[in-house]
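Read through the structure below, which is laid out as structure tokens, and then see the notes.
The values are calculated or read from the model by the stated rules, or taken from the named source; none is laboratory data. Since the structure is predicted, the reported quantities are computational estimates derived from the model, not experimental observations. Don't worry about glycine lacking a Cβ; one is built from the backbone with ideal geometry, like all the others, and counts go over all protein chains shown. All accessible areas refer to the heavy atoms of the entire protein, side chains included, with ligands and DNA or RNA removed. Shrake-Rupley method; radii C 1.70, N 1.55, O 1.52, S 1.80 Å.
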Amino acid sequence: MNFFEHQDQARRYSSRLVFLFCIAVLILIALINLVVVVGITLFDGQQTTIATLPLNTHLVIAACVISAVGIAIWYRFNQLSEGGAAVATALGGRLISRNTMEPDERKLLNVVEEMAIASGTPVPPVYLLPDNAINAFAAGYTPHDAVIGITRGAIQLLNRDELQGVIAHEFSHIFNGDMRLNLRLIGVIFGILFIALAGGKLMRGVTHSRSRDAAPLIFIGLGLVIIGYIGAMFGNMIKAAVSRQREYLADASAVQFTRNPDGIGGALKKIGGWSVGSNLGVPNAAEYSHFYIADGVSAFARGFFQTHPPLEKRVKRILPQWDGKFPKVKRPEYKPMIEREKERAKIATDVSSVAILAGVLSHTGAPTDQHLSSAQHLVMQLPQQLLAATQDPLEAYALSLGLIMSREINDWNQLLVALGENTHLAVIDTLKTLLPALATLNIKFRLPLIELCIPSLKQLSEKQKLQFDNDLKVVIRADDKFELWEWALYKIFSLSLNKPQNTGMGKYKLADLREECQLLLATVVCCGKGDQQAAYFDAASKLGINTEMPDVQKLKRSAINAALDRLRRLKPLEKPLLLKALCIAVQSDHIVDAKEVELVRAIAEGIDCPMPPLITEAS
């Protein structure tokens, strides 16, 4: 299966989860009715059955259960509203500073940056868990709010290839929609477990009151506890079953990404041979057990709810010749940090005169080792001054403004003055120092630099983020022109820095969003230099929509913004059709420059379909 099919599978899993949850709630209502009937029979002496129970009683019980479970799920989702960061902090994670000089942390950040650039996703913030275990996770609703979490033991005990395999495994969870499904599982199981918590609260409250009529209430409380824990048990069984299958997929994706089975395979072998294994020491490790790369709790705690396949089976699938023995792992001696690996292989990354964008589309969510090597090469090509600026929040702020500035602005000083009214002085000063390097920057470096800026920008305060958003708008409007490229980059910033929205896996078909498709295609076509009407006709025909091109000149940014927001909610299998149509629109004149390639990639990222950079040889 490809990226879009995996996304669609995750969407179906989510639908099944909702269906199973509804059944679970109905069963809870029926069982609580049964507890009430038994309680009336035992303590009131009346022979009552569920059938003879008054309708009002049924309705009250149903309303109470649905309300209690609904409120509990809302409460848990609200706790997780920050996306991946909420999970990382709940597990005791510490955000690793982008400008850290600690050798193991620097090595980890380099690997994550290379993976993100190779796959065309924003660079996720990385959190370090202070555990000696070897474990890692990815969490979030979308690639824009995803984070990577990893233990201290993992970065100290794994070599670079093994660390690369682990991070590739976690990126697979980001691509395939597993993160959103995992967060939903937490909310659903908590909602069911809340019945047990409410029953326990009732029992404690009644016991302390010492009332003569306490026995029936204690009985009901005990019934709620039993029912709640049984429901949570079945919820954990569903969680474990879903998680086990997704782990096999992520292992295979890691091998496909790195083309190095010894990477992820070696990491799993070290988990098996390490005295601590992958068991985390935090009290709430079990709640998030389905997020980890390996079991985060002991075999006794897991019981029948093993969320991961046995390590032996996973390693054997990856390394068929493995002898079945886990190596003994010792903590390595400290070694000085190596700034950069030597270039593995030089890959030409200049865009040819006729770029085959369909080839890039085929690797959406499934980058290869070529993309990874290309990303490593690209990072080494980045101007050191700009690369260093991505590691500090305020410097990344200034760099981002510079990257989105149009080179056709006539009066740069006037623009800097306009920014200086409310913008932090350090940002203005940094921007002035970066402008010479930005003026000669190859366009192919813009999107990777923006992706590298995202983790630092997320460290800005809410007030600074708001000012950053305003400054972006000032810069975009400075040349009095509407450029889709600028708008697409603005959308990436907006999606990455605003509070994550759990919009679901998508509910629309292309037929439902014909006007939005027409609007986006027409706007893209207007960026080209060939026959715009012909380009639009070819692309619209591919989608089966109206081939009469709308007048883009009369459109407002807000309309295009609203269109992309709705297109983000396309069903996973509908998105590749839209992206193919965009590729047709761009390629229609048989001349594709770097700006057009990066435009398509930016739009793809805006609808949660990360496309890796184009790898071609000079024609």
Förster radius 25 Å - calculated FRET efficiency between Met237 and Asn284 (Cβ-Cβ, nearest 0.05): 0.80
Provide, as a two-decimal number, the C-alpha radius of gyration of the range 42-193 over 2.2 N^0.38 Å, N being how many residues it has. 1.50
Apply the Karplus parameterisation 6.51 cos²θ - 1.76 cosθ + 1.60, with θ equal to phi minus 60°, to every residue of the range 462-477 and state each ³J(HN,Hα) to the nearest whole Hz, in sequence, with x for glycine and proline. 4, 5, 5, 5, 5, 5, 4, 4, 5, 5, 4, 5, 4, 5, 5, 8
Protection proxy (average C-beta count within 10 Å per residue), highest first, orders 164-176, 72-84, 107-119 as 164-176, 107-119, 72-84
Fraction of antiparallel bridges per DSSP, the range 86-161 only, in percent to nearest 5: 60 percent
Sorted on mean Cβ neighbours within 10 Å (highest first), peptides 314-321, 282-289, 600-607 come out as 600-607, 282-289, 314-321
Of Lys444/Lys499; Lys269/Lys316; Lys270/Lys328, which sit over 19 Å apart, Cα to Cα? Lys444/Lys499
Between their Cα atoms, which of Lys509/Lys580; Lys107/Lys330; Lys458/Lys507; Lys473/Lys542; Lys107/Lys463; Lys465/Lys575 are more than 25 Å away from each other? Lys458/Lys507; Lys473/Lys542; Lys107/Lys463; Lys465/Lys575
Shape call, the range 101-142: gyration tensor on alpha carbons, a/c limit 1.5: oblate
How long are the semi-axes of the equivalent ellipsoid of the range 197-294, taking √(5λ) for every eigenvalue λ of the Cα gyration tensor, in whole Å from largest down? 46, 15, 8
FRET E, pair Leu26, Lys509, Förster distance 30 Å, beta-carbon r, rounded to 0.05: 0.50
Tell me whether the range 126-196 comes out rounded, prolate or oblate; compute the Cα gyration tensor, take square roots of the eigenvalues as a ≥ b ≥ c, and use a/c under 1.5 as the rounded threshold. oblate
Using alpha-carbon positions, the gyration tensor of the range 232-276 gives root eigenvalues a ≥ b ≥ c; with a/c under 1.5 called rounded, otherwise prolate if a/b exceeds b/c, else oblate, the class is oblate
Listed by chain and number, the residues whose amide H is under 5 Å from that of Arg94, excluding neighbours fewer than 5 places away on the same chain and using placed H, are Leu128, Leu129
Protein accessible area in the range 89-141, 1.4 Å probe - carbon and sulfur %: 53 percent
Thr49-Asn546 pseudo-label distance in nm [points 7 Å out on the Cα-to-Cβ vector]: 6.3 nm
Long-range amide H partners of Ser278, meaning residues 5 or more apart or on another chain whose placed amide H is closer than 5 Å, are Ile134
Starting with the highest mean, order 580-586, 382-388 by the number of other Cβ atoms within 10 Å, averaged over the residues of each peptide. 580-586, 382-388
How do Asp262, Asp471 rank by accessible surface area computed with a 1.4 Å probe, from largest to smallest? Asp262, Asp471
At what distance in nm do the modelled label points of His58 and Met380 sit from each other, each positioned 7 Å from its Cα along Cα→Cβ? 7.3 nm
